[in-house]
Amino acid sequence: MPKQNFFSYLHEKYETEFIYFDTFMEEALYSQLGFFNTAFVRSDKEGDFLTSPEVSEYFGKIIRNWINSESNLKNIIEIGSGTGSLIEQIGIKEITSVELSSTARQELIKKGIKTHSTIDELITKTSDLIFGNEILDNIPCSIGLYRDEGWYEKVVLLEETSLAYGLRPIRNEQLDWVNKNNIAPNEDYEFEIQVNIDKFLNSVIKKINPRKILLFDYGYEQKKQG
Ligand SMILES: C[S@@+](CC[C@H](N)C(=O)[O-])C[C@H]1O[C@@H](n2cnc3c(N)ncnc32)[C@H](O)[C@@H]1O
């Protein structure tokens, strides 16, 4: 049977005129047809992009030196491990991985790394350290925009033969986030709305309540106004 394509998959699942960008990103990355669930791990030399631990072993070595300088960290967990290169570089066998992508999990299992697909699957309820590299920017975000004295969200229009971008008035939860984070109303400037990162981190803290969290990510800078 031919593999369904992403376009018809979206049309069948959503019988709506449009979906918000965070829903589109969730589907594009993590659905069965998504980027992270195809035949090979994407953040690898054979994949599409390279992350710091794939480029240099010193990333993990520096973290290992820091872990060693702390007294006796137990139940260490990495979230979003990809190929597991950072765990290998740190060199502590007992580190557990939480990795959403089934393709990446197969790679981790081959390397003998204990892995779960979500935080909720972890048996432990405590951890001295949760760490991760480039996980937060892979959590589906919404995209906001300020125009003509109003806030909008970018949506993906499910047109008959193609996908296109459109704008719709911002949802309440996203507007609350904009106000809470003092996002500047710069005309026609697109920005990420990270409601789902807040939810993700809150769920990690609620479930595990780690003593330390170490996350590396790359985002945009917003200069203070005035
Ligand atoms: C950009 S890759 C980074 C992989 C690795 N940390 C590295 O530096 O090479 C992001 C990884 O996070 C995983 N991921 C995204 N959301 C996740 C979640 N909620 N829980 C666990 N893993 C997640 C993705 O499947 C992907 O493997």
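Side notes on the structure shown:
- Residue match in segment 8-22 (condition: farther than 26 Å from Gly144 by Cβ and within 16 Å of the ligand (Cβ to nearest atom)): no
- Some residue of segment 202-219 being within 30 Å of Arg147 (Cβ to Cβ), part of a helix (DSSP H, G or I) and touching a helix residue (DSSP H, G or I) at 6+ places or on another chain (Cβ under 6 Å): no
- Scanning segment 78-122 for residues that are within 8 Å of the ligand (Cβ to nearest atom) and of a type in the set (Val, Ile, Thr), we see that the one that is surrounded by the most Cβ atoms within 10 Å (Cβ to Cβ) is Thr83.
- The set of residues in segment 67-77 being without any contact (Cβ under 8 Å) to a residue 40 or more places away in the chain and either crowded, with 23+ Cβ neighbours inside 10 Å or not in a loop (DSSP other than H, G, I, E, B) (or both) consists of Asn68, Ser69.
- Of all residues in segment 123-170 being assigned to a strand (DSSP E or B), over 24 Å from the mean Cα position of the chain (by Cα) and without any contact (Cβ under 8 Å) to a residue 40 or more places away in the chain, the one that is nearest to the ligand (Cβ to nearest atom): Trp151
- Every listed requirement among (1) part of a loop (DSSP other than H, G, I, E, B); (2) in contact with a Ser or Thr (Cβ under 9 Å, 6 or more places away or on another chain) is met by Glu192 save one, (1).
- When Leu122 is tested against (1) touching a Lys or Arg at 6+ places or on another chain (Cβ under 9 Å); (2) over 30 Å from Leu10 (Cα atoms); (3) at pLDDT 95 or above; (4) not small (Gly, Ala, Ser), just one condition goes unmet, and that condition is (3).
- Output for segment 193-226, where each listed residue is surrounded by 13 or more Cβ atoms within 10 Å (Cβ to Cβ) and away from the ligand (no atom under 15 Å from the Cβ): Ile193, Arg211, Lys212, Gln222
The values are calculated or read from the model by the stated rules, or taken from the named source; none is laboratory data. Computed from a prediction, not measured in an experiment: that's the story for all the values here. We place every Cβ from the backbone using ideal geometry, glycine too, and count neighbours over all the protein chains shown.
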